Each structure stands twice: as structure tokens, then as C-alpha cells.
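These notes concern the structure reproduced below.
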Amino acid sequence: MNEKRVILSAKDIEVKFRVRDNYLTAIRNVSLDLYEGETFAIVGESGSGKTVFTKTFTGMLESNGSITNGSVMYEGIDLTQLKTDKDWEGIRGAKIATIFQDPMTSLNPIRTIGSQITEVIEKHQNIHGEEAKQQAIEIMNKVGIPNADKRFDEYPFQYSGGMRQRIVIAIALSCHPEILICDEPTTALDVTIQAQIIDLIKKLQEELKFTTIYITHDLGVVANVADRVGIMYGGQIIEYGTVEEIFYDPAHPYTWALLSSLPQLGVKGEELYSITGTPPSLFNVIKGDAFAPRNPYALKIDFEQEPPFFKVSDTHYAKTWLLDPRAPKIEKPEVIRNLHEKISLMTSKGGAYYVE
């Protein structure tokens, strides 16, 4: 991916939230280069910082949150310096749009679907009246709404969950954004509809040429959509690489644990693997590797000193002392060895998890 243009570059981002008389450090010096046209998936447990990190790209942090360090460069602008809604007007929605996981919280229940799409078109494209309506119907057709011209004047409650999510996608894409952030866009939907929405986003990305950030805890979704993957834990990206590198040559013990937890790797009659313990409290100063207390492969230094990023390949880096030349050589867990063959076997039997 390195030959492609960097469309957004976040450097050393730190985000703190004031909670009563205390501060919670939700993001701890995270950096990311996003390449034009790619799909970058951010994966991790709830509370790892996935959504908070991407909210720094759209100025949507909650009122008690603030970026206390770092920069987010986009089109020569440091987005961390934009403070008001007016400052964000030409970026949020217009250039960087977001699809959230629950369409009912994204749509106004007392306004028609058509009016909600045309409002966005009129605001960001300066198109009005019948022309805006026709463009709204066109985007409804594009996202797979049947009889769009007739359903234009219906309300959200008249749409199914999957159709509402298609409308949320239509609203996000009606501005022709360069970057689309998909924040768990299929969590509230059943499995069949999830697959349709994922396929729809992939198809629209190919057609409209936008860049996608996919936020999820579902590694199956990642395998289906991502070019590159960033694994988040304790407010940091702790490993990133191409989707093939993350699935077939993971380097961080937390990534090993996530992959080992895939239900499809379970053996009949045996307990499914689960990660013991709980994530660290981000109210506390974290010493060493945040995953160390839950890591069965932890070294003494993991509890004392934060690891740097070690290079696995030109596209693959991981923050783990196990990659230090002085560290003992430790084998990956048995369950994720030869993962390529195991996933290929699942695919041949009709499984949903695969890497192309």
C-alpha cells in the first residue's frame, strides 16, 4: 500500500476525558497513515479506543473530551486545531463521513427519509428543490432501496433495520466524502443482513472510490473487507499490517488471543478459548505493556517498560518485547498455527470467515 498517496496522517494522538475530578486517557500516543482508496480496519475489545480515535478525525469527541497531544493532517489542515462547528463545516460530512452502528439513533423519527437525505445534499452540494430530490432518489436506488421514488416520503419506522442502515449509508455518501468511517455498521443487524450491508459498502467503495475506515470487534468482518488492519488495546494500536499478515503471521500476543477466540476454530467437545482478565483502567498510568497482566507469554520487562514498535516487514509492525532479538523464542498458540489452511477448510465447508 506504500506507493499510494497518504490521504490522512495522525501522529502521536492523545485524548483525555475529564470524569468528575479525574482524567481518563482514552488514546495514548497513536499514529496512523491512511492510504487513498484502501479499507483500514481497526479491531479490538469494547473500550479499547477504536471509536474515540476516529472521532478525532471528525471533531465529534464528547464535551468532556479533548485532544491533548498530536496532530491529524488532512489536505494540509491540522484537524486537531479546528474548534467550532463552523470550522468543521467543510470537513465533517462533506469530506469525512461516518456511519454509526444503530440507524435509529442516526435518523430523525418524525421526518421523512427523503427530507433527511435532501437536507444533506442541499447543505453540502448547494443543490435545491427538484434536482436535490432526484439526486436523493438516485442515491436511494444506489444503496438498494426498492421503489425509491415511492418510499421517498416514508418515515424511518416504515423501514426495516437493514433498510434504515442503507439510508444511513445513503446520507453519508450523498456528500461524496473522500473518507467513510464505518463504526460497527452491522452490529444491530441479523447475520444475513450484515453480509448484505458489508457487500454494499464494498461495492459502493469500488464505484465511488472513497477510502474506508472499518471499526469492529468482529474478525470475520475484517477478513472480508480489509486491506490493512490495526489492532487496538488499552488506547493504543499495538499491531498493524496487511490483512494477510495479521491473520497468517500475527506477532503480538493480544492478536494471538483475539484470533484464538474465533468460534470457528473451536473443537467439538472442547471449551472455546477466551481471554482471561479484564482490560486495564485508563484512569491509571499504565506501566509497561498494557496487555501484560492478561498475557500468558509476558516477560518481566513487559511489566516495567512499554515496548516500541518492532518491524516484522515493510508493512507489518508490532509493539511487543517478544520481537526483541534478546527475547526468548516463543511459539504461537497451537490453535492459530497454520491458520491459512484452517480458514480455507472452513471456507470450503461454507464458513463465513475467509481472507482472499
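Values quoted throughout were computed directly from the atomic coordinates according to the rules given, and no laboratory measurement underlies them. Bear in mind the structure is a predicted one, so any value in this text is a computation, not a measurement. Backbone-built Cβ (ideal geometry, glycine too); neighbour counts: all protein chains shown.
As a test of the definition: which semi-axes, in Å, follow for the chain when you take the square root of five times each eigenvalue of its alpha carbon gyration tensor? Largest first, please.
36, 25, 18
Counting only C-alpha contacts under 8 Å and six or more residues apart, can you give the relative contact order of the chain as a whole percent?
After rounding, I find 18 percent.
Measure nothing fancy, just the Cα-based angle from helix 161-173's long axis to the longest principal axis of the chain, in degrees from 0 to 90, nearest 10.
Tilt relative to the chain: about 80 degrees.
Please arrange GLU45, GLU331 by counting, for each residue, the other beta carbons lying within 10 Å of its beta carbon, fewest first. The partial results should precede the final answer.
Values: GLU45 17, GLU331 7.
Going from sparsest to densest Cβ surroundings: GLU331, GLU45.
With only alpha-carbon atoms in the gyration tensor, what are the semi-axes of the equivalent ellipsoid for the stretch 100-174, in Å, largest first?
18, 13, 11
Ranked from highest to lowest mean number of other Cβ atoms within 10 Å per residue, what is the order of the peptides 89-97, 305-313?
Per-residue mean Cβ counts within 10 Å order the peptides as 89-97, 305-313.
List, in the order given, every pair from LYS11/LYS209; LYS83/LYS123; LYS95/LYS311; LYS16/LYS95 whose Cα-Cα distance in the structure shown is over 29 Å.
Numbers: LYS11/LYS209 25 Å; LYS83/LYS123 20 Å; LYS95/LYS311 32 Å; LYS16/LYS95 25 Å.
In this structure, LYS95/LYS311 exceed 29 Å between Cα atoms.
How big is the gap, in Å, between the Cα center of the stretch 241-256 and the Cα center of the stretch 31-83?
Spelled out, the Cα-based centre of one part sits 23 Å from the other.
Go through 176-183, 5-12 and give me the packing order, highest mean Cβ count within 10 Å leading.
On the way: 176-183: 21.4, 5-12: 16.1.
Result, highest mean Cβ count within 10 Å first: 176-183, 5-12.
Sort ILE113, ILE197 by Cβ crowding within 10 Å, fewest neighbours at the top. Each step should come with its number before you reach the end.
Working: ILE113 26, ILE197 22.
Taking fewest neighbouring Cβ atoms as first place, the list is ILE197, ILE113.
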